[in-house]
Amino acid sequence: QLDQAELKRADLRKSNLQGASLQEAKLGGAKLARSNLSEANLAYANLAGATLGSAILYKANLSDAVLHGTFLQNANLSEATLTRIRCHRGRLREAVLNGADLTKAVLNNSDLSFAKLIGTNLAKATLD
């Protein structure tokens, strides 16, 4: 359990954090590319500026997380909970968000080009 952990700028590339509890963790600028975060709890985590390219976040809970400037290109966020996330200038190009819940999410100036959004819940989400 890593709830409220201070992991700013940590190099965790290719880590297996499947099912880990990282609620309210401070992961700003952390390197998590190609990591397995399936079913991890990242609710209320600060991931601003983190790199999660090609990471697996299948069924992860990122509700209320801060994702400003986060790099999520090619990340698998299928069936993830992303309710009420705040994401300014996020890079989600080619991310897989099939079946994800983005209810009330705010994604300002974020790149979602070529992202897969089949069955994604965007109720009351702001995408501009």
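The values are calculated or read from the model by the stated rules, or taken from the named source; none is laboratory data. Since the model is a prediction, treat every value here as computed from it, not as a measurement. Every residue, glycine as well, gets a Cβ built from its backbone with ideal geometry; the counts of neighbours run over all protein chains shown. The accessibility values were calculated without ligands, DNA or RNA, using every heavy atom of the protein model including side chains. Shrake-Rupley method; radii C 1.70, N 1.55, O 1.52, S 1.80 Å.
In table form, for the structure just shown:
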{"read-out": "Failed item in (1) modelled with pLDDT of 95 or more; (2) in a loop (DSSP other than H, G, I, E, B), with GLN1 passing the rest", "value": "(1)"}
{"read-out": "Options SER35, SER54, SER63, SER15: the member that is buried (at least 22 other Cβ atoms within 10 Å of the Cβ) and either small (Gly, Ala, Ser) or under 20 Å from ARG93 (Cβ atoms) (or both)", "value": "SER35"}
{"read-out": "Unique residue being touching a residue at least 12 places away in the same chain (Cβ under 8 Å), under 10 Å from the mean Cα position of the chain (by Cα) and more than 22 Å from GLN1 (Cα to Cα) when the list is ASN98, ASN76, ASN61, ASN121", "value": "ASN76"}
{"read-out": "Condition check for GLY49: open to solvent by less than 50 Å² (accessible area, probe 1.4 Å) and either assigned to a strand (DSSP E or B) or farther than 20 Å from ASP3 by Cα (or both)", "value": "no"}
{"read-out": "Subset tally (residues that are farther than 25 Å from GLY29 by Cβ and in contact with a His (Cβ under 8 Å, 6 or more places away or on another chain)) for the stretch 69-123", "value": "0"}
{"read-out": "Residue tally, condition within 20 Å of GLU39 (Cβ to Cβ) and assigned to a loop (DSSP other than H, G, I, E, B), over the stretch 93-128", "value": "10"}
{"read-out": "Breaking point among (1) under 25 Å from LYS124 (Cα atoms); (2) touching a strand residue (DSSP E or B) at 6+ places or on another chain (Cβ under 6 Å); (3) open to solvent by less than 20 Å² (accessible area, probe 1.4 Å), for ASN76", "value": "(3)"}
